[in-house]
Amino acid sequence: MRPTSLESNFITVTDDSVGRLKSLFVKKGDAELRHKLKSSPFNVAYDVVRGRAAELIAEGDADCAIMMGRHINELIQRSHATLDTTVLHAAVMQVLTAVFIATESYEAALSTAADTLTLLSQEPRRKDEPFLQVLGALLYDLSFLHIVRKEYKAAERTLEKSMRVFERLAKMNPDRYGSAHIMALNASTSVYRSRVKQVNLLAHFQVATSTYLEMVNSGIHDAMDRLIESLANEGEMLMQLGKYRDAVQYYSRALKYLSKLSPEFSERHLKLSIKLSEALLHTRSTRQKGVHLLNTLLQKAVRMKSGKYVKEIETLLDEKTTGKFDILALWHKAFPK
């Protein structure tokens, strides 16, 4: 299933009344369900619909999730239209968009996303919390639709707007929206084509991510863990492409976040640090830094009794092996044009 805004930790549920409202889906009739959805705080109603749709997809019953969304929209449309019912209607449509993406029904997702944007565009100047979170989640999902359609510039533009929206919301309520902000940032590691733009983006959100790392919130920690893994994967890909300086930046940032997330030095720290060292070895100006770091890591690996990594470090430190990095980096100078 493709990742969407329906993931449990995307927007963190922070209201205890969600469980009580959720029981209405099986215990009460349409009239009471409509009344409760309209009279409940928006965040509660939105979380209930999102959560129930995610549960149904996890149970393999996406058709039921779609039927539920359409049924709730019918209930809302029977009500007297207000600003609140309009954004609730848009919220349910946004959830339906995510359901279609999760089940790879991309044409239906695109059509539903367009309808949702039409609803939201009725109040383009709204900046309140309900409006912004629906818009941010919709744009997050829409960016993946653009990727599927190979519309990469549109994907970048859409995801960047989603990040800005969740950055704004996270300043208001970091417990609820911090993980969504990080997950949108994490998505950018695979959506953005420009490495320079990606690194600049990571630097721009440095203060925000550092703030989130100090919070005790399982959703935020899960999102940061994914971001670290994505940065490491990007570093590995850049290494394979021979872009070692770029790889150094990705590994360095992944290690920086990991050290704040888990201060105690672990095998995961060791593995990432070795990768950073290897990237440093490939560039003549940073080779000595790589050698120095490997010597430090060798002592740590021995103390940790991690034989696999001891052997890997010793191989990288071997004179015959490290000597090869010079010719690999400078071969173009040996053969004139």
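Annotations
- Extension gain for Ala114-Val199 works out to 27.5 nm (0.36 nm per residue, less the C-alpha to C-alpha distance).
- Listed values for segment 159-175 are Karplus-derived 3J(HN,Hα) couplings in whole Hz (6.51 cos²θ - 1.76 cosθ + 1.60, θ = phi - 60°), namely 5, 5, 5, 4, 4, 5, 4, 6, 4, 5, 5, 5, 5, 7, 8, x, 4, and x replaces Gly and Pro.
- Nearest-0.05 FRET efficiency for Arg303 and Ser8, computed from C-beta distance (R0 25 Å): 0.10
- Theoretical gain in end-to-end length, Thr85 to Thr296 [0.36 nm per residue, Cα-Cα removed]: 69.9 nm
- Label-to-label distance, Ser121 versus Asp63, with points set 7 angstrom from Cα along the beta-carbon direction: 3.4 nm.
Throughout, read-outs are computed from the coordinates displayed, never taken from laboratory work. Keep in mind that this is a model prediction, so the values were computed, not measured. Because the Cβ atoms are built from the backbone with ideal geometry, glycine has one as well, and the counts that use them run over all protein chains shown.
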